[in-house]
Amino acid sequence: MAKLTQKDFLKSTIKHIDMKKYNVVPMVEAFENMAYSSRDLARASKIYHQMLSDKNCSVILCIAGSLISAGLKKIIVDMIQNKMVDAIVSNGANIVDQDFFEALGYKHYLGSQHNADDNLLRDLHIDRIYDTYINEDELKVCDETVHKICNALEPRPYSSREFIWEMGKWLEKNKKGKDSVVYNAYKYGVPIFVPAFSDCSAGFGFVAHQTERPTAHVTIDSAKDFLELTKIKIKAKETGLMMFSGGVPKNFAQDTVVAAEILGAEIPMHKYAVQITVADERDGALSGSTLKEASSWGKVSTALEQMVYGECTTLIPLIIGYAYHKGAWKKRKATNYVKFLQDEDKKIAALKAKENKAKK
Ligand SMILES: NC(=O)c1ccc[n+]([C@@H]2O[C@H](COP(=O)([O-])OP(=O)(O)OC[C@H]3O[C@@H](n4cnc5c(N)ncnc54)[C@H](O)[C@@H]3O)[C@@H](O)[C@H]2O)c1
């Protein structure tokens, strides 16, 4: 038998679902009169629709797990392009290993969790995410591209939001990734925060960059991320959280209420909150902790929150698709929080220049 090669495994690509094609409104509305998860899903869909209908509410989208590789990229891009989201908090895997990776021209492939010979996949440089395959050699180009972006920047601390904006700029300059989350967020002024930025392909690029340039290099300032997201919360006042999966992004976004309080701002808790997750609350950990529980910490208001228990790839097209087809986004105004944060940076730079002048 001929030896198997990479090509035998990397044949059919993951295709990103287009929620615009399927009007799920009648089905989701029918779920309202059913029970269990269907009714939870209908309520969550309506809460998201309410967030978009509320002209004072800014929507923060939180993403964990591996959702871009799973075919949900176009939904997130459509959310950005149609003003259905004002800020994004994500893990690094979705933004760098999966979205930026695809923006470079690479794909995720349909694989199998049942008959995968993981040792053979290892030999062939194929990485597996459950039933999805990735060409590891291509992923190394993603690490290397982050390395190159670092090398081209002024050595100083950056928030992940600033660095991801630079990645969007790089895509524009290199005419790549028009259908990516990173590029569209750059183009539409939607900030993306990745609080654990080194815990993904970007980390490999950063260690190479910092080793090569030990005395002057780019660093990621996670505290600046938190301050920037808190500034958005203070400016927005009313906010709604749409959380896919859980993880670090969930807590990071929720905690802005507490941080704003520490800064002396009088702002409300997150008014709306929806979380879709397979995690449950038995372990006391964050991902499965209910939104009701978050209200005991002063983070989320209890009136308009909904947990939906299930896997994201099936539930997100229904919940976000419902809100898309209901169309409240048509009346929303773009917030452009990127410009707001860049203006804040300019104020700090002016202050620094003044201080330096006074020292001389
Ligand atoms: N996910 C990956 O394949 C991957 C790859 C490289 C690096 N990383 C890094 O590892 C860290 C943690 O990863 P994580 O964000 O996947 O966190 P995680 O594994 O802790 O997941 C967060 C929670 O979301 C739930 N969840 C995940 N996917 C879901 C889905 N499809 N539907 C419903 N619920 C779901 C999980 O059960 C968990 O409770 C991050 O820093 C990330 O960048 C992850």
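The values are calculated or read from the model by the stated rules, or taken from the named source; none is laboratory data. Here the structure is a predicted model, which is why all the values come from computation and not from measurement. Because the Cβ atoms are built from the backbone with ideal geometry, glycine has one as well, and the counts that use them run over all protein chains shown.
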Has the stretch 239-262 got at least one residue that is part of a strand (DSSP E or B) and free of Cβ contacts under 8 Å to residues at least 40 places away in the same chain?
no
Selection count, the stretch 333-360, where residues are surrounded by 14 or more Cβ atoms within 10 Å (Cβ to Cβ) and either of a type in the set (V, I, T) or not in a helix (DSSP H, G or I) (or both)
3
Spot the failing condition for P249; the list is (1) in contact with a Cys (Cβ under 6 Å, 6 or more places away or on another chain); (2) closer than 24 Å to I149 by Cβ; (3) surrounded by fewer than 24 Cβ atoms within 10 Å (Cβ to Cβ), and only one is missed.
(3)
Within the stretch 65-74, work out how many residues are within 14 Å of the ligand (Cβ to nearest atom) and surrounded by fewer than 22 Cβ atoms within 10 Å (Cβ to Cβ).
2
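What about A223, is it hydrophobic (A, V, I, L, M, F, W, C), part of a helix (DSSP H, G or I) and more than 16 Å from the ligand (Cβ to nearest atom)?
Numbers: hydrophobic (A, V, I, L, M, F, W, C): yes; part of a helix (DSSP H, G or I): yes; more than 16 Å from the ligand (Cβ to nearest atom): yes.
Considered against the rule, which asks whether it is hydrophobic (A, V, I, L, M, F, W, C), part of a helix (DSSP H, G or I) and more than 16 Å from the ligand (Cβ to nearest atom), A223 comes out as yes.
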Condition set part of a loop (DSSP other than H, G, I, E, B) and away from the ligand (no atom under 14 Å from the Cβ), scope the stretch 116-150, selection surrounded by the fewest Cβ atoms within 10 Å (Cβ to Cβ): answer is D117
Charged (D, E, K, R), buried (at least 19 other Cβ atoms within 10 Å of the Cβ) and either on the phi > 0 side of the Ramachandran plot or assigned to a helix (DSSP H, G or I) (or both): which single residue out of K271, K233 fits that description?
K233
Among the residues of the stretch 238-293, write down those that are of a type in the set (G, A, S), over 23 Å from I192 (Cα atoms) and within 16 Å of the ligand (Cβ to nearest atom).
A279, G284, A285, G288, S289
Out of the residues in the stretch 162-204 meeting the condition of being of a type in the set (S, T, N, Q) and within 16 Å of the ligand (Cβ to nearest atom), tell me which one is surrounded by the most Cβ atoms within 10 Å (Cβ to Cβ).
S201
Going through (1) within 15 Å of the ligand (Cβ to nearest atom); (2) over 16 Å from K11 (Cα atoms); (3) among the β-branched types (V, I, T); (4) outside any helix (DSSP H, G or I) one by one, V85 fails only at (1)
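From V300, V278, grab the single residue that is closer than 30 Å to K21 by Cα and of a type outside the set (S, T, N, Q).
Values: V300 fails: closer than 30 Å to K21 by Cα.
Going through V300, V278 in turn, just one is closer than 30 Å to K21 by Cα and of a type outside the set (S, T, N, Q): V278.
Among T302, T290, T313, T335, which is the only one that is in contact with a Gly (Cβ under 9 Å, 6 or more places away or on another chain), hydroxyl-bearing (S, T, Y) and more than 18 Å from K55 (Cα to Cα)?
On the way: T302 fails: in contact with a Gly (Cβ under 9 Å, 6 or more places away or on another chain); T290 fails: in contact with a Gly (Cβ under 9 Å, 6 or more places away or on another chain); T335 fails: more than 18 Å from K55 (Cα to Cα).
Being in contact with a Gly (Cβ under 9 Å, 6 or more places away or on another chain), hydroxyl-bearing (S, T, Y) and more than 18 Å from K55 (Cα to Cα) holds for just one of T302, T290, T313, T335, which is T313.
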Would you check which residues across the stretch 95-112 are over 20 Å from I232 (Cβ atoms) and either at pLDDT below 95 or within 14 Å of the ligand (Cβ to nearest atom) (or both) and list them?
V96, D97, Q98, D99, F100, F101, H108, G111, S112
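Out of I17, I47, which single residue is surrounded by 16 or more Cβ atoms within 10 Å (Cβ to Cβ), at pLDDT 95 or above, among the aliphatic types (A, V, I, L, M) and in a loop (DSSP other than H, G, I, E, B)? Even if it seems obvious, please write down each step before you answer.
Details: I47 fails: in a loop (DSSP other than H, G, I, E, B).
Checking each option against the conditions leaves just I17.
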If you go through the stretch 145-160 one residue at a time, do you hit one that is farther than 24 Å from K20 by Cβ, within 15 Å of the chain's Cα centre (by Cα) and either modelled with pLDDT under 95 or of a type in the set (A, V, I, L, M) (or both)?
no
If we ask which residues in the stretch 291-332 are at pLDDT below 95, assigned to a loop (DSSP other than H, G, I, E, B) and among the charged types (D, E, K, R), their number turns out to be 1
The condition from (1) in contact (Cβ under 8 Å) with a residue 12 or more places away in the chain; (2) over 26 Å from D131 (Cβ atoms) that K11 misses is numbered (2)
Suppose we filter the stretch 289-307 for residues that are of a type in the set (A, V, I, L, M, F, W, C) and loosely packed, with under 15 Cβ neighbours inside 10 Å; how many remain?
2
